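Enquirer: One structure follows; several queries about it will come next.
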Amino acid sequence: MKYVCLGYLDMKMWEQRSEAERNDFMDQCFAYDDVLRRNGHFVGGEALGETRSATTLRYQNGKLMITDGPFAETKEQLGGIMFLEARDLNHAIQLISKHPSIRLGGTFEVRPIADLTEMVAESAERRRVHASTV
């Protein structure tokens, strides 16, 4: 099964670290990513830009609202996503619990990835039928 791991980081804590501490932290994280990759568990992942560069879109009262910044103001900010291949949720938790960022104050939210293959195929068929009747 595939799982998405959402990595959160306390930005104040991050900014208070020296450059050497930040480099050491990132080296540890990348080294563990390499372990996951070698063992066939690392499917992919990306770091996210700073929250101040985010833009949030939503509909409100029938209009598109575009707001600078993240959806919510919190102490911890979403810093990245990682995709894991694991036997089950417990295995995914076991894998991500060894990530260095947890020991250094980070947080991970682990969720199974929904397989929408069937839903997408059914939708494509409905749209094909609808287009042929218009």
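The values are calculated or read from the model by the stated rules, or taken from the named source; none is laboratory data. Just so it is clear, the model here is predicted, and its values are computed rather than measured. Don't worry about glycine lacking a Cβ; one is built from the backbone with ideal geometry, like all the others, and counts go over all protein chains shown. Heavy atoms of the whole protein, side chains included, go into the accessibility calculation; ligands, DNA and RNA do not. Shrake-Rupley method; radii C 1.70, N 1.55, O 1.52, S 1.80 Å.
Enquirer: Projected onto the charge dipole of the chain (+1 at Lys/Arg Cβ, -1 at Asp/Glu Cβ, origin at the Cα centre), which of Gly62, Gly49, Ser18 gives the Cα projection farthest towards the positive end?
Expert: Of Gly62, Gly49, Ser18, it is Gly62.
Enquirer: Probe radius 1.4 Å, ligands and nucleic acids left out: which of Lys63, Lys2 has the largest accessible area, and how do the rest follow? Don't jump to the answer; show the numbers that get you there.
Expert: On the way: Lys63 135, Lys2 95 Å².
Descending accessible area places them as Lys63, Lys2.
Enquirer: Hey, another quick one. Roughly how many Å² of Arg103 are accessible to a 1.4 Å probe, to the nearest 10?
Expert: Taking all protein chains as shown, Arg103 has close to 150 Å².
Enquirer: Kindly provide the pair-distance distribution of the range 1-76 built from C-alpha pairs, with 5 Å bins from 0 and whole-percent values in order of increasing distance.
Expert: 3, 11, 15, 19, 16, 16, 10, 6, 4, 1
Enquirer: Now, a different point. Solvent-accessible area per residue for the range 23-134 at a 1.4 Å probe radius, Å²? Can you show the working numbers first?
Expert: On the way: 8230 Å² over 112 residues.
Ligands and nucleic acids excluded, the result is 73 Å² per residue.
Enquirer: Now for a different question. For the range 82-134, what number results from the quotient of the Cα radius of gyration and 2.2 N^0.38 Å? Provide the component values of the computation, followed by the final result.
Expert: On the way: Rg = 19.1 Å, N = 53, 2.2 N^0.38 = 9.9 Å.
With N residues counted in the range 82-134, Rg over 2.2 N^0.38 Å equals 1.92.
Enquirer: Can I ask one more? Find how much the distance from Arg128 to Ala54 grows on full extension, using 0.36 nm per residue of separation minus their present alpha carbon separation; answer in nm with one decimal. Could you put the intermediate results ahead of the total?
Expert: Details: separation 74, 0.36 × 74 = 26.64 nm, distance 3.59 nm.
Stretched out fully, the Arg128 to Ala54 stretch lengthens by 23.0 nm.
Enquirer: So what is the relative contact order of the range 9-97, in percent, for Cα pairs below 8 Å that sit 6 or more residues apart? Write out the running numbers ahead of the final one.
Expert: Working: 80 pairs, mean separation 29.4, N = 89.
Once divided by the residue count of the range 9-97, the mean separation gives 33 percent.
Enquirer: Okay, next question. Under a 1.4 angstrom probe, counting protein chains only, how are Met13, Met119 ranked by accessible area, largest first?
Expert: Ranked from most to least accessible, the order is Met119, Met13.
Enquirer: So, one more: Roughly how big is the range 16-134's charge dipole about its Cα centre, with Cβ charges of +1 (Lys, Arg) and -1 (Asp, Glu), in debye to the nearest 20?
Expert: On the way: 15 positive and 18 negative charges, 67 e Å.
In total the dipole reaches around 320 debye.
Enquirer: Could I get the Rg over Rh figure for the chain? Both from C-alpha atoms, Rh via Kirkwood, rounded to two places. Could the numbers behind the result be given before it?
Expert: On the way: Rg = 19.3 Å, Rh = 17.6 Å.
Expressed as Rg/Rh, it is 1.10.
Enquirer: Calculate, for Asp68 and Glu21, the FRET efficiency according to 1/(1 + (r/R0)^6) with r their C-beta to C-beta distance and R0 25 Å; round to the nearest 0.05.
Expert: On the way: r = 30 Å, r/R0 = 1.20.
Calculated transfer efficiency: 0.25.
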